[in-house]
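Presented below is the structure to which this report refers.
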Amino acid sequence: ASRNFMAIAQRHAAANGVMIDYDLGRLEDVTRYAPQAFDLVFCRVSWYFNTCDIKFAALLFGLLKSGGVGYVSTHTRDCDLRRLWLQRLSDVFEAVLGIKLIIFHKPQGYVTSLFSRLAVQEIRADMAVQGLERVLFRRKAS
């Protein structure tokens, strides 16, 4: 819920003559929107605060109109072996019960793999910056 990022987007849109309706909110508020409501869904550095990655990916994807674009930027897991067993345990618990035990960053490529399983027309991943995964995807046009 970043007013700063919204203000930046508003300035760029105004400078380029683009009309955009903005909505600023928290991850859990997204369920109030109708399916296929948006041309663009943007989630930056807040991915890991959802309660189930698989369900949240499907929810974000479901908000996109036909041909709509989604963008997710999130931190990735470091290789701290002292915490790796807790991360693995949390991953297994989430896969089985659909609920996170502990909020941890996922490994590089994880978020990309979630969206690649959905009806995407195209998907691009950028992991050039260590510790960061950026995913841009387009919903198939119907």
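In Å and from the alpha-carbon atoms only, list the Rg and Dmax of the chain.
Rg and Dmax of the chain, Cα atoms, are 15.9, 51 Å.
Using 0.36 nm per residue, how much length does the chain from residue 32 to residue 88 gain when fully extended, once their Cα-Cα distance is taken away? The partial results should precede the final answer.
Working: separation 56, 0.36 × 56 = 20.16 nm, distance 3.21 nm.
Gain in length upon complete extension: 17.0 nm.
Within a Cβ distance under 12 Å of residue 101, other residues only, what is the Lys/Arg minus Asp/Glu net charge? Before the final figure, lay out each step's value.
Working: positive: 88, 100; negative: 91, 94.
Here the count lands on 0.
What share of the DSSP beta bridges in the chain is antiparallel, in percent to the nearest 5?
On the way: 13 of 20 bridges.
Of those bridges, close to 65 percent are antiparallel.
Considering the options 112, 129, 47, tell which one lies farthest towards the positive end of the dipole of the stretch 1-138, charges being +1 on Lys and Arg and -1 on Asp and Glu at the Cβ, about the Cα centre.
Farthest towards the positive pole: 129.
Might you tell me the accessible area per residue for the chain, computed with a 1.4 Å probe and given in Å²?
Ligands and nucleic acids excluded, the figure is 63 Å² per residue.
Counting Lys and Arg as +1 and Asp and Glu as -1, what is the net charge of the other residues whose Cβ lies under 14 Å from the Cβ of residue 9? Mind showing how you got there, number by number?
On the way: positive: 3, 11, 44; negative: 21, 23, 39.
Combined, the nearby Lys, Arg, Asp and Glu give 0.
Using the alpha-carbon atoms, what tilt in degrees (0 to 90, nearest 10) does helix 3-15 show relative to the longest principal axis of the chain?
40
Mind ordering 45-55, 132-142, 86-96, 5-15 by average Cβ neighbours within 10 Å, highest first?
Numbers: 45-55: 15.7, 132-142: 17.3, 86-96: 14.1, 5-15: 11.9.
Final packing ranking: 132-142, 45-55, 86-96, 5-15.
Can you give me the % of accessible surface on the chain that is carbon or sulfur? Probe 1.4 Å, all protein chains present, nothing else counted. All intermediate terms of the calculation are to be shown ahead of the outcome.
On the way: 5230 of 9000 Å².
Roughly 58 percent of what the probe reaches on the chain is carbon or sulfur.
Tell me what the chain gives for mean residue ellipticity at 222 nm when only DSSP H runs of n ≥ 4 count, each as -39,500 (n - 2.57), the sum divided by the residue total, rounded to 500 deg cm²/dmol. Don't skip to the end; give the middle numbers.
Working: 4 runs with 47 residues, N = 142.
After summing the helix terms and dividing by the residues of the chain, the value is -10000 deg cm²/dmol.
What does the charge add up to near residue 54, with Lys and Arg as +1, Asp and Glu as -1, over the other residues with Cβ less than 12 Å from its Cβ?
Within the 12 Å Cβ shell, the charges total +1.
Using Cα pairs under 8 angstrom and six or more residues apart, how large is the relative contact order of the chain, in percent? It would help to have the intermediate numbers written out before the result.
On the way: 208 pairs, mean separation 34.5, N = 142.
Relative contact order for the chain comes out at 24 percent.
The values are calculated or read from the model by the stated rules, or taken from the named source; none is laboratory data. Remember, it's a predicted structure, so these values are computed and weren't measured experimentally. FYI the Cβ positions are ideal-geometry reconstructions off the backbone, even for glycines, and counts take in every protein chain you see. Surface accessibility is based on the protein's heavy atoms, side chains included, excluding ligands, DNA and RNA. Shrake-Rupley method; radii C 1.70, N 1.55, O 1.52, S 1.80 Å.
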